[in-house]
1. Working only within segment 159-191, note down all residues that are in contact with a strand residue (DSSP E or B) (Cβ under 8 Å, 6 or more places away or on another chain) and not in a strand (DSSP E or B).
2. With out of contact with any Ser or Thr (no Cβ under 7 Å at 6 or more places or on another chain) and part of a helix (DSSP H, G or I) as the only criterion, which of Phe113, Phe156, Phe141 stands out?
3. Looking at (1) surrounded by fewer than 20 Cβ atoms within 10 Å (Cβ to Cβ); (2) within 30 Å of Asn78 (Cβ to Cβ), find the lone condition where Ile360 falls short.
4. Is it the case that segment 72-95 has a residue that's closer than 29 Å to Pro401 by Cβ, part of a strand (DSSP E or B) and not assigned by TED's automatic domain parsing to the domain that holds Phe397?
5. Would you pick out the residues in segment 269-308 that are among the aliphatic types (A, V, I, L, M) and in a strand (DSSP E or B)?
6. Does Lys215 satisfy the criteria of being under 24 Å from the mean Cα position of the chain (by Cα), of a type in the set (Lys, Arg) and not in a helix (DSSP H, G or I)?
7. Any chance segment 360-383 includes a residue that's of a type in the set (D, E, K, R), touching a Leu at 6+ places or on another chain (Cβ under 8 Å), under 26 Å from Leu148 (Cα atoms) and in a helix (DSSP H, G or I)?
8. Which residue out of Ile8, Ile23, Ile76, Ile46 is surrounded by fewer than 17 Cβ atoms within 10 Å (Cβ to Cβ) and touching a Lys or Arg at 6+ places or on another chain (Cβ under 6 Å)?
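The values are calculated or read from the model by the stated rules, or taken from the named source; none is laboratory data. Being a predicted model, the structure only gives us computed values, none of them experimental. Please note: Cβ atoms are built from the backbone with ideal geometry, for glycine as well, and neighbour counts cover all protein chains shown.
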Amino acid sequence: MKKNFKKIVLENGFTILFEKREIPSVSVAFAVRNGGINETCEEKGISHFIEHMLYKGTTTRNSREISFEIEKKGGILNGFTSEELTAYWCKMPSKHIGVALEILGDMIKNPLFNELELDKERKVILEEIKMYRDNPRDYVFEKINESLYSGTMGMFLAGTVETMNSFSRKDLIKKFKEVYSPNNLILCVVGDANLDELVSFAKNNFGNELGAVPKINFELRNNSHLETRKGIDQANLIFGFHSPLAGEDLSFSARCLMGILIGGMSSRLFSEIREKRNLAYSIKGLNDFGSRFSHSLIYVGTMKENVEAVRNLILEEFKKISLDLKDKELEEVKEQLIGNNLISLEDSQEQMVHLLHSEISDTLEDFYDYEEKIKKVKLEDVKFLAKNVSEGNYSFFALVPED
């Protein structure tokens with residue numbers, strides 16, 4: 001679909017990403033180039049807090065009117081905050097794209113930050129933090145960051161109870177004004193829309209204010225931790241390692257490595273840990289490739305007494321790959337990844353998210369060349385990455401039942 005894609009940067013720096021599709025729906029997002037990675041430790045969670053508040057009302061609409069105008073036209077409204085991006089999106093019937101642009105644009109331009117709503121939403125996010133902590137599986141996915149990174153990158157994206165209770169209305173407005181400026185904004189549309197109309201909307205609704213997104217330093221590290229908790233029956237463990245950054249060719253080698261290890265029921269770790277040894281039910285993998293950070297994670301839920309055995313089995317598979325991976329297996333996983341990618345492109349909303357993250361990580365020019373990039377992955381590069389992990393360059397966290 002590369003021939004149907006256009007990127008336009010207006011004079012004020014406002015970026016438009018558009019992929020034309022002849023379908024009766026359209027996915028629309030307004031995003032800002034700012035997220036958890038741009039926060040100090042003391043303000044961790046403020047980007048996520050701002051995201052929540054933009055849905056709570058503007059100078060012309062209350063929260064119900066925002067959702068009502070989208071949903072009563074058949075639309076779906078949502079948003080997300082990541083380490084490098086905050087986005088507000090909806091999926092609508094194509095004929096109502098004007099409603100999507102109007103509502104989301106109003107949220108981005110005219111948030112009210114009502115004091116009463118702010119205090120109410122603070123409580124909602126505090127409950128969200130508790131929810132993640134109380135769910136062992138979610139908890140280990142958050143805690144592994146402490147073993148992979150120092151500083152702000154090692155903290156939960158939604159912040160802590162302490163940081164959430166410290167934010168005032170003034171703090172949120174100050175941060176909003178600093179980063180939500182046209183030169184930091186992206187409008188991403190996938191579906192049946194008119195590019196000229198998108199450009200016209202952006203030019204007519206956004207001025208020339210300039211904002212700056214702070215760059216906060218952090219360090220990579222490799223640590224292992226084990227934590228006990230009463231009231232749980234299963235041990236939840238995460239094995240993580242630093243991957244090549246999104247813009248590096250070796251990031252595609254890392255994708256192949258993870259595909260071999262954890263790419264479905266035919267993968268090495270699923271076969272070894274679940275099918276052969278019956279040590280776990282759930283075995284999952286995750287890649288998170290960014291412009292300043294990248295890591296890959298392997299999750300396993302198992303019995304407490306099997307934690308070390310599972311960690312050793314994971315390490316053993318890395319070692320085996322570094323020593324005996326053959327071209328045939330690599331070519332098979334390449335075909336699998338290419339097929340998985342094609343399937344993921346079917347959904348306009350998922351494609352919209354792909355495009356946003358590619359723009360943020362400076363890999364947009366390569367986005368539509370995924371198949372070509374995967375095909376170019378070399379056997380020796382995958383073995384090199386596996387060898388690096390097998391030699392101890394990894395992090396590990398486990399939450400286990402307390403005796």
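1. Residues satisfying the conditions are Phe176, Val179, Tyr180, Asn184.
2. Unique residue meeting the criteria: Phe141.
3. (1)
4. No, there is no match, as no residue in segment 72-95 is closer than 29 Å to Pro401 by Cβ, part of a strand (DSSP E or B) and not assigned by TED's automatic domain parsing to the domain that holds Phe397.
5. If the condition is that a residue be among the aliphatic types (A, V, I, L, M) and in a strand (DSSP E or B), then Ala280, Ile283, Leu286, Leu297, Ile298, Val300 are the ones that fit.
6. So Lys215 passes the test.
7. yes
8. Of Ile8, Ile23, Ile76, Ile46, the one residue that is surrounded by fewer than 17 Cβ atoms within 10 Å (Cβ to Cβ) and touching a Lys or Arg at 6+ places or on another chain (Cβ under 6 Å) is Ile76.
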